[in-house]
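The values are calculated or read from the model by the stated rules, or taken from the named source; none is laboratory data. All values derive from a computational prediction rather than experimental measurement. Glycine also receives a Cβ, built like all others from the backbone with ideal geometry; neighbour counts cover every protein chain displayed. Keep in mind that these areas ignore ligands, DNA and RNA; they rest on the heavy atoms of the full protein, side chains included. Shrake-Rupley method; radii C 1.70, N 1.55, O 1.52, S 1.80 Å.
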Amino acid sequence: MTLHKLTAGDGYTYLTRQVAVHDATDRGSSGLAEYYGEKGESPGRWWGSGLAGVELARGSVVAEAQMKHLFGAGRHPRSEEIAEGLAASGVGQAAADKATRLGRPFSKGASASEFAVRLAKAYVEHNQAAGRGWSSRLSGAERSGIRTRLAEEMFVEKYGRAPADVRERHGFIAEASRDRCTAVAGFDLTFTPVKSVSALWALADHRVAATIAREHAAAVQDTLAWAEANVLFTRRGHNGVRQVATRGLIA
């Protein structure tokens, strides 16, 4: 199993892009080349005891709009349906917004810090002023000088004074250089059997292929159930200071 973070915003979209338009489920005796050449994934289905909290049925097909609301914006996966129902009953937009929100909204920041963006721009401007190509390599002394000047400029912008000493300036540079975080909306768990199992599944007769697929699916279910019972936590309070157990997984 491999695990990757899904960032808030559009981090989920690579999953919806990979869903097959015409998914093939007839495995066995199809040929190894055909198996490896086939594109796309089967449509997702909802799983987990946490589904009770968002009124989704286990095993129901995942709609792209539901993915957008839940993993993209941290909202109820049926936000549109709920908002339309509230609007029909005369409830205002603010109340509908509150009703479809699941906890605090995701914070979405640029991947690069403001300092990194302005530093890159300063390097380009320095090269252009020297009559060089915009991407010309700078010497270590040039880079250090530009970085120091920018740090002092931004320090003054923030605090209204110059850094008291070299240590304060270096501390500011270290802090300002950190990339701004984008909230984690979820995790992508990919379950992959060893290659020999995949090859056997593709080449075996229908009975054997079905048995392999059934056992693999059972292993995935067991792993998800174990994770739901043992490793799930979330955070509450200012800056997520308190770690608490969840009421169940939504997958």
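In the context of the full set of protein chains, the chain has a per residue accessible area of 67 Å² (1.4 Å probe). How would you classify the stretch 70-127 from its alpha-carbon gyration tensor, with a ≥ b ≥ c the square roots of the eigenvalues: rounded for a/c under 1.5, else prolate if a/b is greater than b/c, otherwise oblate? Verdict is prolate for the stretch 70-127.
Using a 1.4 angstrom probe on heavy atoms only, work out the carbon and sulfur share of the accessible area of the chain in %. It is 54 percent, rounded to a whole number.
Measuring with a 1.4 angstrom probe and ignoring ligands and nucleic acids, Met1 comes out at about 120 Å² accessible.
Note on the stretch 180-228: Cα Rg divided by 2.2 N^0.38 Å, N the number of residues, gives 1.58. How many angstrom lie between the Cα centre of the stretch 229-251 and the Cα centre of the stretch 154-178? Cα centres, the stretch 229-251 to the stretch 154-178: 35 Å. Calculated mean residue ellipticity, 222 nm, the chain: -13500 deg cm²/dmol, from DSSP H runs (n ≥ 4) at -39500 (n - 2.57) each, averaged per residue and rounded to 500. Val166 sits with roughly 80 Å² accessible to a 1.4 Å probe, with DNA, RNA and ligands left out of the calculation.
Positive-end ranking of His170, Leu189, Val91 along the dipole of the stretch 81-199, with charges on Cβ about the Cα centre, is headed by His170. Scanning residues 5 or more positions from Thr7 or on other chains, those with amide H under 5 Å from its amide H are Ala185, with H placed 1.01 Å from N in the peptide plane. For the chain, the fraction of C-alpha pairs more than 25 angstrom apart is 63%. Look at the alpha carbon pairs under 8 Å that are at least 6 residues apart: their mean separation over the length of the stretch 87-199 gives a relative contact order of 36 percent.
Measuring with a 1.4 angstrom probe and ignoring ligands and nucleic acids, Glu114 comes out at about 100 Å² accessible. Ranked by solvent-accessible area (1.4 Å probe, protein heavy atoms only, all chains present), the residues Leu200, Leu138, Leu86 order from largest to smallest as Leu200, Leu86, Leu138. Taking a ≥ b ≥ c as the square roots of the eigenvalues of the alpha-carbon gyration tensor, the stretch 133-251 is classed oblate because a/c is 1.5 or more while a/b is no larger than b/c. Rounded to the nearest 10 degrees, the angle from helix 140-159 to the longest Cα principal axis of the chain is 90 degrees. Taking the Cα centre of the chain as origin and assigning +1 to Lys and Arg Cβ atoms and -1 to Asp and Glu Cβ atoms, the resulting dipole is close to 880 debye. Counting 0.36 nm for each residue step from Ser89 to Val184 and taking away their Cα separation leaves a gain of 30.8 nm. Residue by residue, the stretch 161-169 carries 3J(HN,Hα) couplings of 7, 7, x, 5, 7, 4, 4, 5, 5 Hz when phi is fed to the Karplus relation 6.51 cos²θ - 1.76 cosθ + 1.60 (θ = phi - 60°); x denotes Gly or Pro.
Once the Cα atoms are used to define both axes, helix 79-88 deviates from the longest principal axis of the chain by about 90 degrees. Against the main long axis of the alpha-carbon atoms of the chain, helix 206-230 sits at an angle near 50°. Note on the chain: with a GNM built from Cα contacts shorter than 10 Å, the maximum mean-square fluctuation among Arg207, Arg75, Arg132 falls on Arg132.
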